[in-house]
Amino acid sequence: IYISPTGDWKFGGMSFALPLDGESHHCTSIDFKQIDDGLPAVVVPPLAYTAAELLKGEVSVCSDLRNCDIYSLGRLTLELFNAISTGQHMQSAQRPDSVSNLQQSISCASSPPSQSDLSTLPSKLSGMVSRCLASISYGARPTITEFLQCDFFHDMQAKCLQFLEAFEVKDRNVKAQFLKQLPTALSTFEKRVLRNKVLPVLLRELRDSQMTQFLLPNIMEVGGFMEPSQFAEQILPKLAEVAHQARNNPMVNALLLQNCHKLIQDCGSAAKSFVSDHIVPMMVNSFDSEFHEIQVEVVKQVGHCSAMIEYTDLKSKLLPKLLRLTLQTKKLSVRVNCLICVSKIWSLLDSECTTEHVIPTLSQVVKYDTTPAVTMACAGVYDEISKTNPVEMVSTTVLPVLVPMLANTQLNLSQFRTISSIIRAMLERVESSRLQILRESDSMSQQVTADSSSVFGGKSSVQTMSFDDILGVKTNQSGFADIDLFGDQAGGPTLDFTAMPTGGGDPASDNSVPNPFDDLFPTQPAPAPAPAAKPQTSNSTMFSGMNVKSGSAVTAPAPSSGSMFNGLSMNSGGATMKASAPAPAPAPAPAPA
């Protein structure tokens, strides 16, 4: 028996076979003692699987070889399950290089198997194997027909494998009925059997497009037990061909969409190219399907697989189709699932895409569809938006749309409370953020004030002065300065206009102050006065010869003809005004030496 790399068993050594066509046909016994040691091991009968009577040379009729073959089949079955249970290799062909080795094989073949050897066999098979090995009497061993009627060969796995071996010759209706029931039995198979025995038959049948819808669920079930590299190598090339059939076969389209998430996960490193080349085009076509069930399924799968799809494909190919379907569909289930999908892929989109495409679409949906299901779905989308965006956007974009939902009379109590709680949570977030910013701003202002005070020794360098303090006067109730110009108020200030600076001053003195009236009333420099004469004033001086003093009469000398207050006299008891005739101009003073 030769075992191929795919697990297939092939029978060899047919040149040693003899026809079993009659009871009287004689055969030449093999003398194992005379076997040439130089022969290759492949042409020497393996002693471990040879019946004792054949080793002893007691077989002379071909009909007796039937029992010898049954013994070999029983020994092969026992060694096979022992190797499976222990994880060891089966016994290979042994050459009879010595008489002691031959006698040992004869002794082993003559004794019945122990109970410990039979413990590794399945319960349905142990009794039959025990009959094959227990006795060397010809009549005690079962026939090959009895062996195949054992219950072990009538379980589900064996029947499935037998049916798959003849799958190509079966009728199409029979195939369809078998494939419908096959997924329930696949979980009982070993991975090696699924990969080498079941999957090749299923992939080969994909050439029949009418059987694709029955084959895909089984192929995906088998693919779940395979490694990503094996899945990409054996299954993906065939599924790429099936993806082209999805446009014309709604059932195949629906089956591929249902397995998109599992398909992308099982692809491994080969998923990117397969998704971009086959899965995304199939999804794009599914948005335009005339069956709303397919539209619902593709919307669900976009939400589930969005993280595994390239962002460029998601933004430029799938998102426009999703938003257009949200606005144009007339099916409530399709629109609600579209909104749920938007809430799932929101975090993957950039700000430009959301503000230019998603937000306007949501605003139109809220405006034209006020059904409770759509309203709640929109509220859920806006809730997700508020969690990943700044409070400025929440307060200016989200809340103005959510608050009017509270006036929707179609909402029940539970739905109203849900929307109210969403709005309340957003308001609390906005309030918390704004209060924190304001507190930080106020804290920074106080810190700046404290820092400036510390620079000037804890006191401000700028003293606060009122306007009265700057002028040196007090204002009355009417808001004017309370100044005693004429000295007739007790305790009031006395203003001596003659003491005002005239702009001359002593050039040598540092206290000379320019007179602000010099520019308006220019005066001539007066000559130095004589010791006995009074100083001569200019005719253009504004207050020529005016002298104001508190408590004494004031007598003004005769001013010049251009004086404003000619002959004005003032005293503390009251103002006395006296006009006198103009006096003659005094003689000019002698020029100073």
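Given R₀ = 22 Å, FRET efficiency for Tyr368-Asn285 by Cβ-Cβ distance, to 0.05? Display every interim value, and only then the final one.
Details: r = 27 Å, r/R0 = 1.24.
Efficiency, rounded to the nearest 0.05: 0.20.
I'd like the FRET efficiency for Lys159 and Lys331, computed as 1/(1 + (r/R0)^6) with the beta carbon distance as r and R0 of 41 Å, rounded to 0.05. Present the calculation step by step, with values, prior to reporting the outcome.
Details: r = 44 Å, r/R0 = 1.08.
About 0.40, to the nearest 0.05.
How high is the relative contact order of region 304-365, in percent, counting Cα pairs under 8 Å that sit 6 or more residues apart? Each step should come with its number before you reach the end.
Working: 21 pairs, mean separation 22.0, N = 62.
Reported as a whole number, the value is 35 percent.
Any idea of the accessible area per residue across region 271-372, 1.4 Å probe, to the nearest Å²?
Working: 4820 Å² over 102 residues.
Solvent-accessible surface per residue comes out at 47 Å².
With every protein chain present, what accessible area does Ile1 have (1.4 Å probe, heavy atoms only), rounded to the nearest 10 Å²?
Roughly 90 Å² of Ile1 is accessible to a 1.4 Å probe.
Give me the number: length gained by fully extending Thr449 to Arg207, i.e. 0.36 nm times residue separation minus the C-alpha to C-alpha distance, one decimal in nm. Don't jump to the answer; show the numbers that get you there.
Working: separation 242, 0.36 × 242 = 87.12 nm, distance 8.45 nm.
Length difference between fully extended and current span is 78.7 nm.
Could you list, in their original order, any pairs among Lys10/Lys56; Lys191/Lys300; Lys300/Lys330 whose Cα atoms are separated by more than 26 Å?
Working: Lys10/Lys56 29 Å; Lys191/Lys300 31 Å; Lys300/Lys330 18 Å.
Result: Lys10/Lys56; Lys191/Lys300 exceed 26 Å.
Set the Förster distance to 41 Å, then compute FRET efficiency between Ser85 and Leu18 from the Cβ-Cβ distance, nearest 0.05.
So the FRET efficiency works out to roughly 0.75.
Among 81-88, 213-220, how do they line up by average Cβ neighbours within 10 Å per residue, starting with the highest? Let's see the in-between values first.
On the way: 81-88: 12.2, 213-220: 21.0.
The packing order, highest mean first, is 213-220, 81-88.
The values are calculated or read from the model by the stated rules, or taken from the named source; none is laboratory data. Note that this is a predicted model, so its numbers are computed, not measured. All Cβ positions, even for glycine, are placed from backbone atoms using ideal geometry, and neighbour counts span all protein chains on display. The area values use the complete protein model at the heavy-atom level, side chains included, leaving out ligands, DNA and RNA. Shrake-Rupley method; radii C 1.70, N 1.55, O 1.52, S 1.80 Å.
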